[in-house]
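J.: Questions regarding the structure given below will be posed in turn.
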Amino acid sequence: SGSLAGGGFQAGQEPSTLIYRPDSDLTTGIEFGGDLNEVRIEPTSSDATITTGEDATVNGSLILTSGTFATSDNLTIGEGATVTRTGGSLAGTPTFPSISGGDTGITLRYVGSSDVTTGPELPGSFSVSELVVENSDLTVTADTSSSIDALTLNSGTLDLNEDSLSVFGNASVNG
């Protein structure tokens, strides 16, 4: 596993894409900070934990495919961003935009083939503009009650697990 140290790292002129594929635990370095367009968590070992080392805002996409992404409460999910979970998990609670405060919420997508239980990516606060479940073999089990603006259930199962889900906008069930 490699790392970056020191100061002055710039991943491009615009907010960048970071892909983490370690085979063991890793703490991010100076590359993880500021405004980021896309962060992909794809460790080669499903037991690997990637821990954030700097404050950062993901304004585009956060994609969790395996392992654990430990945010240490220093991660902000920007307005209009998309969190996609095909596997893996999120530890630590990011800061989310507030729809009730007038912000544009996030899109939360579950698209993997392995059943998952929601985590901190589905906040109890009114921060999700759209919740999408897209795989006929997938069961997403809620771990908390939540309020969202829209629900799209293209296929698969959303198990509320005795929690509640308040949908204040459109709900579409297509599968």
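The values are calculated or read from the model by the stated rules, or taken from the named source; none is laboratory data. Just so you know, these numbers come straight off a predicted model, no measurement behind them. Heads up, the Cβs are rebuilt from the backbone with ideal geometry, glycines too, and the neighbour counts pull from every protein chain shown. All accessible areas refer to the heavy atoms of the entire protein, side chains included, with ligands and DNA or RNA removed. Shrake-Rupley method; radii C 1.70, N 1.55, O 1.52, S 1.80 Å.
J.: Within the range 54-113, count every residue that is among the hydroxyl-bearing types (Ser, Thr, Tyr) and part of a loop (DSSP other than H, G, I, E, B).
T.: Within the range 54-113, the first condition is being among the hydroxyl-bearing types (Ser, Thr, Tyr), and the residues that meet it are 57, 61, 65-66, 68, 71-72, 76, 82, 84, 86, 89, 93, 95, 98, 100, 104, 107, 110, 113.
Then drop every residue that is not part of a loop (DSSP other than H, G, I, E, B), which leaves 65-66, 71-72, 86, 93, 98, 100, 104, 113.
Total satisfying the criteria: 10.
Each row is one residue, and each column tells you yes or no for (1) more than 14 Å from the chain's Cα centre (by Cα); (2) modelled with pLDDT under 90; (3) open to solvent by 60 Å² or more (accessible area, probe 1.4 Å); (4) of a type outside the set (Ser, Thr, Tyr).
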| residue | (1), (2), (3), (4) |
| --- | --- |
| Ser98 | yes, yes, no, no |
| Ile106 | no, no, no, yes |
| Arg109 | no, no, yes, yes |
| Leu122 | no, no, no, yes |
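J.: Here is a follow-up. Here is a list: Ile63, Ile30, Ile77. Which entry is of a type outside the set (Gly, Ala, Ser) and either in contact (Cβ under 8 Å) with a residue 60 or more places away in the chain or out of contact with any strand residue (DSSP E or B) (no Cβ under 6 Å at 6 or more places or on another chain) (or both)?
T.: After ruling out the rest, the residue left standing is Ile30.
J.: Looking at Ser45, is it within 14 Å of the chain's Cα centre (by Cα) and open to solvent by less than 40 Å² (accessible area, probe 1.4 Å)?
T.: No, not satisfied.
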